[in-house]
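Down below is the structure, laid out as structure tokens.
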Amino acid sequence: MEIDQCIQERRSVRKYNSKKVSWDNVAEILEAGIQAPCAGGIQNYHFIVVQSSKKRGLISKACRQSWMSQAPVFIVICNDKQKTKKFYEDVGEKYSTQNCAVAAENILLKAHSLGLSTCWIGSYDEIELASILKLPENVNPDMIITIGYSDSKPKAPRRFSLDILTYFEEFGNTKK
């Protein structure tokens, strides 16, 4: 699949069928995540693959989003902010979150290119989720990506045009 097509067609899916996702696909998706650019080459992220229905149910409850448990695979992207802060001090926390977000985008696009559906979840009870996943104190969950197969394709969301979102040289300047 061409990259432009992948970017244009990827959607957030909240309804999955029962078809299993192969480990080969999960491995390819994770590999795409680790290929993401990151500040200083510091890969402060960790990926937790969750496939058990019991644990997916617990995570869905921690997110207050019951639909999630339909997806056969979750990838929880965790952030070791201290790893980045060692090198970048105060701005390290921002960089570490950006690193996780870029890895997540690679994961979303790779999954779509493989014919899989995904959704990015950023709302959850962090303490509850950390407990479910047995995260060490220095590692926080940053986002969850559900992965599976969908029987439907959601409509494209409305997007603003470039002329509304783009300025030149300074905020608010629409003249080239």
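The values are calculated or read from the model by the stated rules, or taken from the named source; none is laboratory data. On a predicted model such as this, the values are computed, not experimentally measured, just so you know. When we count neighbours, we look across all protein chains shown, and the Cβ atoms used for this are built from the backbone with ideal geometry, even at glycine.
If you scan the range 30-57, which residues turn out to be part of a helix (DSSP H, G or I), under 21 Å from Ile121 (Cβ atoms) and in contact with a Phe, Trp or Tyr (Cβ under 9 Å, 6 or more places away or on another chain)?
Of everything in the range 30-57, those that are part of a helix (DSSP H, G or I), under 21 Å from Ile121 (Cβ atoms) and in contact with a Phe, Trp or Tyr (Cβ under 9 Å, 6 or more places away or on another chain) turn out to be Leu30, Gly33, Ile34, Lys55, Arg56.
If a residue must be among the acidic types (Asp, Glu) and either touching a Lys or Arg at 6+ places or on another chain (Cβ under 9 Å) or closer than 21 Å to Lys20 by Cβ (or both), how many such residues does the range 81-113 contain?
So the count comes out to 1.
For the range 81-166, list the helices (runs of 4 or more DSSP H) that sit wholly inside it and hold at least 3 residues that are in contact with a helix residue (DSSP H, G or I) (Cβ under 8 Å, 6 or more places away or on another chain); which are they?
Here the list reads 81-88, 92-113, 126-133.
Does any residue in the range 29-44 that is on the phi > 0 side of the Ramachandran plot and touching a residue at least 40 places away in the same chain (Cβ under 8 Å) come within less than 7 Å, Cβ to Cβ, of a residue that is of a type in the set (A, V, I, L, M, F, W, C) and surrounded by fewer than 18 Cβ atoms within 10 Å (Cβ to Cβ) six or more places away or on a different chain, and which pairs are these?
Listed pairs, sorted by first residue: Gly40/Phe87.
For the range 114-127, give me each residue that is more than 14 Å from Val21 (Cα to Cα) and either under 14 Å from the mean Cα position of the chain (by Cα) or in contact (Cβ under 8 Å) with a residue 24 or more places away in the chain (or both).
Cys119, Trp120, Ile121, Gly122, Ser123, Tyr124, Asp125
Just name the residue that is farthest from Asn106 (Cα to Cα) out of those in the range 132-174 that are touching an Asp or Glu at 6+ places or on another chain (Cβ under 9 Å) and without any contact (Cβ under 8 Å) to a residue 60 or more places away in the chain.
Here the residue is Thr174.
Look through Ile132, Ile121, Ile144, Ile107 and report the one residue that is touching a Leu at 6+ places or on another chain (Cβ under 6 Å) and closer than 30 Å to Ser66 by Cβ.
Values: Ile121 fails: touching a Leu at 6+ places or on another chain (Cβ under 6 Å); Ile144 fails: touching a Leu at 6+ places or on another chain (Cβ under 6 Å); Ile107 fails: touching a Leu at 6+ places or on another chain (Cβ under 6 Å).
The conditions single out Ile132.
Looking only at the range 157-176, which residues are at pLDDT below 90 and surrounded by 10 or more Cβ atoms within 10 Å (Cβ to Cβ)?
Matches in the range 157-176: none.
Answer yes or no: is there a residue in the range 21-29 that is of a type in the set (Gly, Ala, Ser), at pLDDT 95 or above, closer than 15 Å to Ile145 by Cα and surrounded by 19 or more Cβ atoms within 10 Å (Cβ to Cβ).
Within the range 21-29, none of the residues are of a type in the set (Gly, Ala, Ser), at pLDDT 95 or above, closer than 15 Å to Ile145 by Cα and surrounded by 19 or more Cβ atoms within 10 Å (Cβ to Cβ).
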